[in-house]
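To start, the structure itself, in structure tokens.
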Amino acid sequence: MGLSAELLRQGIDELSAREPAFDRARQIAGYPEPRIRPTGYATMLRTIVGQQVSVAAAASMWAKLEALVGAGVPAATILAQDFDALRACGLSRQKQSYIRSLCQLVADGELDFDALPRDDEEAIAQLVQIKGVGRWSAEIYLLFAEGRPDIWPAGDLAVQVGIGKILQLPERPSEKEVRLLAEAWRPHRGAAAIFTWHCYNNAAL
């Protein structure tokens with residue numbers, strides 16, 4: 001499961017000891033709540049279902065999909081559905097192609113969510129085999145579901161803005177700059193990412 005409140009606190013305390021700007025932000029914003037999702041294929045499936053739609057729309061589509069294929073949303077059962085059945089769940093043609101890509105990889109045994117490589121980059125490389133899943137989605141899964149402590153989604157706009165606020169930079173840093181800045185924060189970049197999201201909307205910072 002994802003990083004616990006205790007692990008988050010430990011990581012942020014370590015970052016605060018290294019970086020005065022983190023300590024200042026922590027004193028203002030406090031500690032973030034954990035962001036935890038279940039491990040496994042269903043979490044990635046739900047991520048795809050929810051891409052580019054509102055939270056309410058995603059919840060509605062997920063409920064319809066579960067009603068259609070059953071609890072646990074088995075990959076083989078989804079693959080057996082025709083276009084119209086999945087369309088009735090609210091899934092567009094494009095989204096169906098992404099879902100079928102995920103389900104086929106799982107059904108064929110080419111992607112095992114219970115045995116992803118321990119090396120973060122190797123795990124990301126496996127996950128981006130899924131059509132429609134980019135590096136960001138892979139990183140979010142590894143951080144929120146598996147709780148990998150050093151995942152750093154530098155391409156996330158809110159991470160970039162949050163880091164700019166924490167470090168009091170004159171403008172939002174680029175993905176490349178954020179990646180370079182975070183090298184000094186290993187192996188706690190996962191806690192740093194969750195903290196940046198926590199700080200993103202904090203008006204006091």
remark   = Here the residues within the range 107-129 that are open to solvent by 10 Å² or more (accessible area, probe 1.4 Å), within 15 Å of the chain's Cα centre (by Cα) and in contact (Cβ under 8 Å) with a residue 24 or more places away in the chain are F113, D120
ask   = In the range 66-104, what residues are outside any helix (DSSP H, G or I) and either modelled with pLDDT of 95 or more or of a type in the set (A, V, I, L, M) (or both)?
value = G70, A71, V73, P74, A80, Q81, D82, A88, C89, G90, L91, S92
remark   = All-but-one check, Q51 against (1) modelled with pLDDT of 95 or more; (2) closer than 30 Å to P187 by Cβ, failing number (1)
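Would you pick out the residues in the range 38-57 that are open to solvent by 50 Å² or more (accessible area, probe 1.4 Å) and in a helix (DSSP H, G or I)?
The answer is R46, V55, A56.
Could you identify the single residue in S60, S16 that is surrounded by fewer than 16 Cβ atoms within 10 Å (Cβ to Cβ) and either of a type in the set (S, T, Y) or at pLDDT 95 or above (or both)? Quick ask: steps written out before the conclusion?
Numbers: S16 fails: surrounded by fewer than 16 Cβ atoms within 10 Å (Cβ to Cβ).
None of the other options fit; the residue is S60.
With R26, R35 as the choices, which residue is of a type in the set (K, R), in contact (Cβ under 8 Å) with a residue 40 or more places away in the chain, open to solvent by 40 Å² or more (accessible area, probe 1.4 Å) and in a helix (DSSP H, G or I)? Give the derivation first.
Numbers: R35 fails: in a helix (DSSP H, G or I).
The match here is R26.
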message = Cβ contacts < 8 Å: first residue without any contact (Cβ under 8 Å) to a residue 40 or more places away in the chain and on the phi > 0 side of the Ramachandran plot, restricted to the range 66-83; second residue of a type in the set (V, I, T) and open to solvent by less than 70 Å² (accessible area, probe 1.4 Å), any location; separation 6+ or different chain. Result?
response = G70/T77
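Could you tell me whether the range 129-151 includes any residue that is of a type in the set (A, V, I, L, M, F, W, C) and farther than 30 Å from R26 by Cβ? Step through it out loud before you land on a result.
Of all residues in the range 129-151, those of a type in the set (A, V, I, L, M, F, W, C) come to 130, 133, 136, 138, 140, 142-145, 151.
Filter again for farther than 30 Å from R26 by Cβ, leaving 130, 133.
Yes.
Would you pick out the residues in the range 176-190 that are open to solvent by 20 Å² or more (accessible area, probe 1.4 Å) and within 16 Å of D120 (Cα to Cα)?
If the condition is that a residue be open to solvent by 20 Å² or more (accessible area, probe 1.4 Å) and within 16 Å of D120 (Cα to Cα), then R179, E183, R186, P187, H188, R189 are the ones that fit.
Could you say which residue among G132, G155, G147 is at positive phi, touching a helix residue (DSSP H, G or I) at 6+ places or on another chain (Cβ under 9 Å) and open to solvent by 20 Å² or more (accessible area, probe 1.4 Å)?
On the way: G155 fails: at positive phi; G147 fails: open to solvent by 20 Å² or more (accessible area, probe 1.4 Å).
Every option except G132 fails the conditions.
The values are calculated or read from the model by the stated rules, or taken from the named source; none is laboratory data. Computed from a prediction, not measured in an experiment: that's the story for all the values here. Cβ atoms come from the backbone with ideal geometry, glycine included; neighbour counts cover every protein chain shown. When the accessible area is computed, the model is the full protein with side chains, heavy atoms only, and any ligands, DNA or RNA have been set aside. Shrake-Rupley method; radii C 1.70, N 1.55, O 1.52, S 1.80 Å.
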